[in-house]
Amino acid sequence: SSGINAEYGVCCAIAKEIVISTKVIVLQHPAEQNRQLRTVPLLKAALPDEKCAVVVGKRFANLKDMLSVPTALLFPGKDAVDCSNVSPGTYDQIICLDGTWPQARRLYQKNPLLQSLPKVMLSSTRKSVYLIHTQPTVHHLSTLESVARAIEEMERLDGLEDKLIAPLKEMVRTQFKYGACAHSTQQEARVIRKQEIKNGEKNLTVAPKICDFNYDTF
């Protein structure tokens with residue numbers, strides 16, 4: 001189909017070489033390997049090899065070896081510091097957990113060393129462009145978008161996020177051309193399903209389309 005391996009074909013949408021100081025380590029849940037149109041391959045292709053590593057698993061026995069330099073975990077929590085409040089140079093690398101939110105939480109719970117790391121988080125309100133995927137809420141981002149925004153804010157690199165998500169937007173545009181629809185969120189779907197149940201409908205909404213989405217201007 002038109003979606004197979006599309007994430008590799010759109011990396012040419014990156015206009016300039018990306019230069020960053022922070023290394024990104026993605027700890028990826030194995031289930032992500034079976035998904036099409038993933039964002040991590042785009043991130044890996046956009047960043048220099050020495051600045052991005054992807055490790056697949058559920059428990060990471062060599063995690064301690066990865067933490068030889070100041071490291072932050074990109075993960076929300078009461079003890080997390082907003083990325084925009086982190087001084088440049090504070091961390092040499094960040095770790096990001098790649099998977100659904102339940103999978104990411106399990107990775108966090110099963111690897112105690114992760115729990116000991118200082119956490120950083122995002123609070124800006126820019127919405128995801130990964131519209132061919134159903135996000136939990138309007139505030140959730142793909143792995144690529146989260147990392148792009150985190151590094152832009154932590155390193156004060158204006159425009160980095162736009163450069164890194166350019167291939168993602170191109171991939172989404174390609175899917176739209178072949179008939180894909182822009183998805184609403186799981187949160188919005190639950191609201192719609194409650195109303196459908198109340199109305200006695202049997203075929204309940206799973207992932208609603210964004211009715212007023214302008215595909216021409218995306």
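Numerical summary
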| quantity | calculated |
| --- | --- |
| Neighbourhood net charge (14 Å Cβ-Cβ; Lys/Arg +1, Asp/Glu -1) for R149 | -4 |
| Total formal charge among the other residues, if their Cβ is under 13 angstrom from that of L27, Lys/Arg +1 and Asp/Glu -1 | +3 |
| Distant-in-sequence amide H partners of V81 (H built 1.01 Å from N, under 5 Å) | K119, V120, M121 |
| Stretchable slack from K169 to S87, in nm (0.36 nm times residue separation minus alpha-carbon distance) | 26.6 nm |
| Cut-off 9 Å between beta-carbons: net charge of the residues surrounding K58, Lys and Arg +1, Asp and Glu -1 | +3 |
| Candidate residues D65, D98, D158, D92: accessible-area rank, largest first, probe 1.4 Å | D158, D65, D92, D98 |
| Area accessible to solvent at T143, 1.4 Å probe radius, in Å² | 20 Å² |
| Gain upon complete extension [R35, R105; 0.36 nm per residue less C-alpha separation] | 23.3 nm |
| List H29, H140, ordered by accessible area with a 1.4 Å probe, largest first | H140, H29 |
| Label-point separation in nm, K177 to K78, each point 7 Å along Cα→Cβ | 5.0 nm |
| Å² of accessible area per residue within segment 19-165, as computed with a 1.4 Å probe and no ligands counted | 47 Å² |
| Which listed pairs, of K127/K169; K127/K163; K78/K110; K58/K169, have C-alpha distances above 18 Å, in listed order | K78/K110; K58/K169 |
| Neighbour-limited loop hits for GluC sites (Glu not before Pro), segment 13-98 (at most 14 other Cβ within 10 Å; DSSP other than H, G, I, E, B) | E17 |
| V19 versus A53: modelled label distance in nm, points set 7 Å from Cα along the beta carbon direction | 2.5 nm |
| For segment 74-90, 3J(HN,Hα) per residue [Karplus equation, 6.51 cos²θ - 1.76 cosθ + 1.60, θ = phi - 60°, Hz, x = Gly/Pro] | 7, 7, x, x, 5, 9, 7, 9, 4, 4, 5, 9, 8, 6, x, x, 5 |
| Rounded to the nearest 10 Å², the accessible area of V54 at probe 1.4 Å | 50 Å² |
| Alpha carbon centroid spacing (whole Å) that separates segment 51-66 from segment 148-182 | 25 Å |
| Exposure ranking of R173, R106, R149, R59 by accessible area [1.4 Å probe, largest first] | R59, R106, R173, R149 |
| Pair R126, Q195: separation of 7 Å Cα→Cβ label points (nm) | 3.1 nm |
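The values are calculated or read from the model by the stated rules, or taken from the named source; none is laboratory data. Remember, it's a predicted structure, so these values are computed and weren't measured experimentally. All Cβ positions, glycine included, derive from the backbone under ideal geometry; neighbour counts span all protein chains shown. Side chains included, ligands, DNA and RNA excluded: accessible areas come from the protein's heavy atoms. Shrake-Rupley method; radii C 1.70, N 1.55, O 1.52, S 1.80 Å.
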